[in-house]
Amino acid sequence: MFRRVRLLASRLAFATLIAVAPTLPVWQGGVAEAAPRFQTAATTETRLDPHLQAYLAGSPSRMTVVPVRPVNGTVRARGVAQPAGVNVLIEATRDIRADLRTLGANARTRASRSGIYTATVPLNALQAVANLAGVIKVTASMPTRPSLDDSLVDAKIVDGNAVRPTVTGSTTADGDGTLVAIVDSGIDLAHDDFKDGGATRIDAVWDQTGGGSGPGAITGGSRPIDDMGYGTVCTAAEIDAASCAQTDTTGHGTHVASIAAGNSGAAPASRLLVVKHDGTTVGAVDAWAWIIAKASELGKPVVINNSWGSHNGAHDGTAVEERALDDFAQLSGVAFVVAAGDDGNKAIHARSGTAPVAIGGTKSVAFVPTSTSASINFWYSGDDNFSISLMHNGTQTAKAIKGGRTRSYSLAGATISISNCVSASTSNNLCQATVTLTGMTPADQDWSVELDRTSLARASSTGTWDAWVTTDNATFTIPSYRTTLAEPATASGAISVGSFVADGSMTGTYSAFSALGPTRDSRAKPDLLAPGESIIAAQSGTTNGTTAKQGTSMAAPHVAGIVAMMYQKNAGYTQSQIRDALLGTSTSAHTYGYGTSTGVASEDQVTLAPNASGNSGRPAWNNRWGYGKVDAKKAVDSVTYDPTGATATPTASSVPQPTSTATSPASATSTAGASATSTASSTATSTASSTPTVSGSASATRTSTSTITP
């Protein structure tokens, strides 16, 4: 409730000008003209706040000077100047709105319980407003900054006294000398949260969604790229000149950027690179390459925030974009932070679990469409053999589709397409079967996919399978809430971030929507949690307004800002070093539901003991909380001081395998893989001269017994 009240107040803020009183501007056709001075009677001066008094005394003031729009219900004649005014909040013991309008003020909001009014008052009417019967005080509207205080404290970015960790000595950890990159819906270039002394803190923005020839080749630095060929890039100079047309219509990217690197965000001294993402995986990979090349050209380390995801792949890190991410993440001074996803309480995943399909057996997977179309992906071992069919009202809609085949047909007004293991073999040795339906009746509960395991299955196969709704418009009747992580949060190179509550009486609980791990191949994800509910940050479309949002999209940029603080201390750290520092310093203090994945069935709870084999130096992990809450101070303190990054050497870190608490037919407990430990298969060294090319080198075979290349 406190945050909501604070949000309301912040919406009353307007842009700030440094106003000096000798002449008062009057707006006419957008041109300010001089207006005569006026005097304020001493008897009413005490009703004006200090900023108004300073202005009237001819002293510099941070109060807002704006044109006064026509009074409610009136029309200003053409050519008549708009008087100069000031946005104010007025405390009064009675309803004064009619009186304000009589005086030419634009009266707006009234908070009736508190007797507070907002209005734009002509400067030459301030005296009269202060003289109104019942007026207690007139306060100038002042600039506000996004209110991230509570979440920053809970993430230990600042302490209770708003004091930040230090890099060394008295040098504050605020991201100075680093870059924070945002791949999202864009950014409000005019918002004050991204300005320093009126100048933008955004070094460049690439809008992938419009026309244009795109970013040209970047040849400076050690990580060059070719011309991208689409979209439009704006420089800092163009942003400052207001000649950049990029906008953020949804406000998501603006909010995310504000949390990570706004003036009241986690890393307020960092510079920003922004990509207005076109919503495709290709666009994402292009964005990453451009960001890394740009960071190299600027000679700064960069953390890339990705508050988006999908359920298109096998959730085991082998999607093409995830492998590209893994390649990029091996470069020193480059880190990827990815939101875990908001499907932790949604029935979008189903799996065989402890009941694999026997050879000759059938499994019916029921689902309910929530829209007129739906798409579901099934994944099973390439050594296995399943035929796929669709059932409606208990009747098979068509002959079962064998592996290697595709079929489309119509039924009851719906168009159905089934493809079964038609793709080329993948690095994970999995088959993908896709069932797509259009023209359905929403909420029809009589649909199911039939999985028939044939005798052609190899002896090495297991009869296990996983399925995900890829379009967010259907739910499984019997879901599994584990492995609801979105991609690319399942990439080995990603720092995967879930959400916990840092607001009110629920502080310290996990967010019910925060996606659960582990990955399909039993790696320990998510990595950790950060504040993600009731987060107040910059609102797009306003000069300095704020709004509240929630989601793992809001949690991830907290961590991105912390990574920028860590890079400020050591610019050469690799992703694995950053991740190890974050996980090794995470905390379970002041958490509720930690240690067990409360809220899901026992078969969906997965844990890893502290300091277990392959988990040395790390706390306990579970698939709801990851390794716990992020602790910025401890993470920054753990980094070896070397701001130039000259001594940093990339290392390959181990990837621990979690232990499932589910009961299997064979035994009361089972490990998530045949081996409870996993070691890095190499210690290949990446240097600052590495070029961010996408290759197949990161596509390790993801099986329960294999070693993993980080």
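The values are calculated or read from the model by the stated rules, or taken from the named source; none is laboratory data. Since the model is a prediction, treat every value here as computed from it, not as a measurement. Note: ideal-geometry Cβ built from the backbone for every residue, glycine included; neighbour counts use all protein chains shown.
Among the numbered criteria (1) at pLDDT below 90; (2) surrounded by fewer than 19 Cβ atoms within 10 Å (Cβ to Cβ), which one does MET228 miss?
(2)
Hey, does region 273-280 have a residue that's surrounded by 22 or more Cβ atoms within 10 Å (Cβ to Cβ) and at pLDDT below 95?
yes
May I ask you to say which residue of ALA581, ALA537, ALA556, ALA589 is at negative phi and part of a strand (DSSP E or B)?
Values: ALA581 fails: part of a strand (DSSP E or B); ALA556 fails: part of a strand (DSSP E or B); ALA589 fails: part of a strand (DSSP E or B).
Matching residue, one of ALA581, ALA537, ALA556, ALA589: ALA537.
If you check THR587 against the conditions, is it under 24 Å from ASP604 (Cα atoms) and in contact with a strand residue (DSSP E or B) (Cβ under 6 Å, 6 or more places away or on another chain)?
Yes.
Give me the residue from region 397-449 that is within 18 Å of ASN473 (Cβ to Cβ) and polar (S, T, N, Q) and, out of that set, surrounded by the fewest Cβ atoms within 10 Å (Cβ to Cβ).
Here the answer is GLN445.
Return yes or no: is GLY493 on the phi > 0 side of the Ramachandran plot and either more than 13 Å from the chain's Cα centre (by Cα) or modelled with pLDDT of 95 or more (or both)?
When the stated conditions are applied, GLY493 does not pass them.
Given (1) over 19 Å from LEU48 (Cα atoms); (2) surrounded by 14 or more Cβ atoms within 10 Å (Cβ to Cβ); (3) at pLDDT 80 or above, where does ALA98 come up short, assuming only one miss?
(2)
Within the set of pairs 6+ apart or on separate chains, which have a first residue in region 622-637 that is in the same structural domain as GLY532 (by TED's automatic domain parsing), a second that is among the acidic types (Asp, Glu) and surrounded by 24 or more Cβ atoms within 10 Å (Cβ to Cβ), and C-beta atoms under 8 Å apart?
Between residues of region 622-637 that are in the same structural domain as GLY532 (by TED's automatic domain parsing) and residues that are among the acidic types (Asp, Glu) and surrounded by 24 or more Cβ atoms within 10 Å (Cβ to Cβ), the close pairs are GLY626/ASP527; TYR627/ASP527.
Scan GLY561, GLY532, GLY508 and give me the residue that is buried (at least 24 other Cβ atoms within 10 Å of the Cβ), of a type outside the set (D, E, K, R) and within 16 Å of ARG624 (Cα to Cα).
Details: GLY561 fails: within 16 Å of ARG624 (Cα to Cα); GLY508 fails: buried (at least 24 other Cβ atoms within 10 Å of the Cβ).
Of the residues listed, the single one that is buried (at least 24 other Cβ atoms within 10 Å of the Cβ), of a type outside the set (D, E, K, R) and within 16 Å of ARG624 (Cα to Cα) is GLY532.
For every residue, the table says whether it meets (1) exposed (fewer than 13 other Cβ atoms within 10 Å of the Cβ); (2) under 22 Å from ALA335 (Cα atoms); (3) touching a helix residue (DSSP H, G or I) at 6+ places or on another chain (Cβ under 8 Å).
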| residue | (1), (2), (3) |
| --- | --- |
| GLY186 | no, yes, yes |
| LEU189 | no, no, yes |
| TRP206 | no, yes, yes |
| GLY211 | yes, no, no |
| SER222 | no, yes, yes |
| GLU238 | no, no, no |
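Answer yes or no: is there a residue in region 244-261 that is more than 24 Å from MET554 (Cα to Cα) and over 17 Å from the mean Cα position of the chain (by Cα).
Yes: one or more hits.
Select from region 512-537 the residues that are of a type in the set (Gly, Ala, Ser) and free of Cβ contacts under 8 Å to residues at least 40 places away in the same chain and list them in ascending order. It would help to see each step written out before you state the result.
To start, the set of residues in region 512-537 that are of a type in the set (Gly, Ala, Ser) comprises 512, 514-515, 517, 522, 524, 530, 532, 534, 537.
Correct list: GLY532 only.
Could you give every pair whose Cβ atoms fall below 7 Å, whose first residue belongs to region 390-408 and is under 14 Å from LEU437 (Cα atoms), and whose second residue is in a loop (DSSP other than H, G, I, E, B) and charged (D, E, K, R), counting only separations of at least 6 or pairs across chains?
HIS392/ASP446
Of the numbered conditions (1) modelled with pLDDT under 85; (2) assigned to a loop (DSSP other than H, G, I, E, B), SER505 satisfies every one except a single condition; which is it?
(2)
In region 237-271, what residues are in contact (Cβ under 8 Å) with a residue 40 or more places away in the chain and among the hydrophobic types (A, V, I, L, M, F, W, C)?
ILE239, ALA242, CYS244, VAL256, ALA257, ILE259, ALA260, ALA261, ALA266, ALA267, ALA269
I'm trying to understand the selection: among the residues of region 417-476, which are of a type in the set (Lys, Arg) and modelled with pLDDT of 90 or more?
The one that is of a type in the set (Lys, Arg) and modelled with pLDDT of 90 or more: ARG453.
Applying the selection to region 186-224, what residues are at pLDDT 95 or above and of a type in the set (Ser, Thr, Tyr)?
THR200
For GLY253, which of the numbered conditions (1) surrounded by 23 or more Cβ atoms within 10 Å (Cβ to Cβ); (2) at pLDDT below 95 fails to hold?
Tallying (1) surrounded by 23 or more Cβ atoms within 10 Å (Cβ to Cβ); (2) at pLDDT below 95, GLY253 fails exactly one: (2).
For region 603-630: of the residues being over 25 Å from the mean Cα position of the chain (by Cα) and of a type in the set (Ser, Thr, Tyr), which is surrounded by the most Cβ atoms within 10 Å (Cβ to Cβ)?
Result: THR607.
With the structure loaded, tell me whether ALA295 is in a loop (DSSP other than H, G, I, E, B), buried (at least 16 other Cβ atoms within 10 Å of the Cβ) and modelled with pLDDT of 95 or more or whether it fails that test.
no
Quick one: which of VAL275, VAL282 is free of Cβ contacts under 8 Å to residues at least 60 places away in the same chain and not in a loop (DSSP other than H, G, I, E, B)?
Matching residue, one of VAL275, VAL282: VAL282.
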